[in-house]
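Novice: Structure incoming, see below.
The values are calculated or read from the model by the stated rules, or taken from the named source; none is laboratory data. The shown structure was predicted, so the numbers you read here are calculated from the model rather than taken from an experiment. Neighbour counts run over all protein chains shown; Cβ positions are idealised from the backbone, glycine included. Areas reflect the complete protein model, heavy atoms only, side chains present, ligands, DNA and RNA absent. Shrake-Rupley method; radii C 1.70, N 1.55, O 1.52, S 1.80 Å.
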Amino acid sequence: MHQQLIIDKISGILAATDDSYDEKLTAMLDKASRIFVSGAGRSGLIGRFFAMRLMHSGYDVSVVGEIVTPSIKKGDLLIIISGSGETEQLVAFTKRAKEIGAQIVLISAKSDSTIGDMADAVFQIGNPEQYGKVVGMPMGTVFELSTLFFLEALISHVIHEKGIPEEEMRSRHANLE
């Protein structure tokens, strides 16, 4: 019962998400010198999933906050994952990246927010009214899971459009595990 509740909720949100996002975000990824991904809490974990898949797909990607993450520069792309678009630390990251001249993408549940106002593009996952309290899915779960599915589908789009074989992706997978 609970599995079907989650599947149905995520399906509805993805159905309400703009179909043109795959093309738009892929174009921004391809134009960027390097890609930086950030989010707080569980959204940050979704960002890490996405960063790993971007690396497997051949992009130069870093996760903000890791000890080996380089400084962001003009020509780079910062992808922020934030359901509210208001997380204080992520607002600060966005301001700094904007000052430097990096492109900013916000992936959010809301189209209007502090980060959204600074972003070059906002990719709204579903519609705000779909994020009311959902029994059995606490605090952000609907946004996080929908975003994970959206980003996995984006990677599917990227590897299909670019013809990246799974063997090539596998060759980039960590081998010190």
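Novice: Just to check your reading of the model, which residue among GLY126, GLY140 is on the phi > 0 side of the Ramachandran plot, open to solvent by less than 20 Å² (accessible area, probe 1.4 Å) and under 17 Å from the mean Cα position of the chain (by Cα)? Outline the logic, then answer.
Specialist: On the way: GLY140 fails: open to solvent by less than 20 Å² (accessible area, probe 1.4 Å).
Going through GLY126, GLY140 in turn, the sole match is GLY126.
Novice: In the range 23-59, what residues are under 25 Å from HIS160 (Cβ atoms), assigned to a loop (DSSP other than H, G, I, E, B) and either touching a Gly at 6+ places or on another chain (Cβ under 7 Å) or not basic (Lys, Arg) (or both)?
Specialist: Initially, the range 23-59 is screened for residues under 25 Å from HIS160 (Cβ atoms), giving 23-37, 46-59.
The next check asks that each one be assigned to a loop (DSSP other than H, G, I, E, B); those that pass are 32-34, 57-59.
Across the range 23-59, the qualifying residues are ALA32, SER33, SER57, GLY58, TYR59.
Novice: Pick from ILE35, ILE72: which is surrounded by 18 or more Cβ atoms within 10 Å (Cβ to Cβ) and within 21 Å of ARG172 (Cβ to Cβ)? Before you say what the answer is, go through the steps one by one.
Specialist: Numbers: ILE72 fails: within 21 Å of ARG172 (Cβ to Cβ).
Within the list ILE35, ILE72, the selection yields ILE35.
Novice: Any chance you could count how many residues in the range 1-11 are surrounded by 15 or more Cβ atoms within 10 Å (Cβ to Cβ) and not charged (D, E, K, R)? Working first, answer last.
Specialist: Residues of the range 1-11 that are surrounded by 15 or more Cβ atoms within 10 Å (Cβ to Cβ), as a first pass: 6, 9-10.
Checking the rest, the ones that are also not charged (D, E, K, R) come to 6, 10.
Of the residues in that region, 2 qualify.
Novice: Also, I was wondering about something else. Among the residues of the range 75-96, what is the count of those that are free of Cβ contacts under 8 Å to residues at least 24 places away in the same chain and open to solvent by less than 70 Å² (accessible area, probe 1.4 Å)?
Specialist: Matching residues across the range 75-96 total 1.
Novice: May I ask you to verify whether SER62 is more than 14 Å from ALA119 (Cα to Cα) and not in a helix (DSSP H, G or I)? Steps first, please.
Specialist: Numbers: more than 14 Å from ALA119 (Cα to Cα): yes; not in a helix (DSSP H, G or I): yes.
Spelling it out, SER62 is indeed more than 14 Å from ALA119 (Cα to Cα) and not in a helix (DSSP H, G or I).
Novice: Are there any pairs, at least 6 apart or on different chains, whose C-beta atoms fall under 8 Å, with the first in the range 98-114 and in contact (Cβ under 8 Å) with a residue 60 or more places away in the chain and the second surrounded by fewer than 16 Cβ atoms within 10 Å (Cβ to Cβ) and of a type in the set (Lys, Arg), and if so, which?
Specialist: Qualifying pairs under 8 Å: ALA102/LYS73; ALA102/LYS74; GLN103/LYS31.
Novice: With the requirement that a residue be within 21 Å of MET169 (Cα to Cα) and either buried (at least 20 other Cβ atoms within 10 Å of the Cβ) or more than 15 Å from the chain's Cα centre (by Cα) (or both), what does the range 38-53 give you?
Specialist: Listed by number, the residues that qualify are ILE46, GLY47, PHE50, ALA51.
Novice: Within the range 114-124, identify whether any single residue is of a type in the set (Gly, Ala, Ser) and farther than 28 Å from GLY75 by Cα, and answer yes or no.
Specialist: Of the range 114-124, the ones of a type in the set (Gly, Ala, Ser) are 116, 119, 121.
If we keep only those that are farther than 28 Å from GLY75 by Cα too, we end up with none.
Within the range 114-124 (the criterion being of a type in the set (Gly, Ala, Ser) and farther than 28 Å from GLY75 by Cα), the answer is no, since none of the residues qualifies.
Novice: A further question follows. Being closer than 20 Å to GLY65 by Cα, loosely packed, with under 13 Cβ neighbours inside 10 Å and either under 16 Å from the mean Cα position of the chain (by Cα) or not small (Gly, Ala, Ser) (or both) narrows it down to one residue among GLU161, GLU99; which is it? Show your work before the answer.
Specialist: Values: GLU161 fails: closer than 20 Å to GLY65 by Cα.
Being closer than 20 Å to GLY65 by Cα, loosely packed, with under 13 Cβ neighbours inside 10 Å and either under 16 Å from the mean Cα position of the chain (by Cα) or not small (Gly, Ala, Ser) (or both) holds for just one of GLU161, GLU99, which is GLU99.
Novice: Okay, next question. Hey, ILE155 hits all of (1) exposed (fewer than 12 other Cβ atoms within 10 Å of the Cβ); (2) of a type outside the set (Ser, Thr, Tyr); (3) part of a helix (DSSP H, G or I) but one; which does it fall short on?
Specialist: (1)
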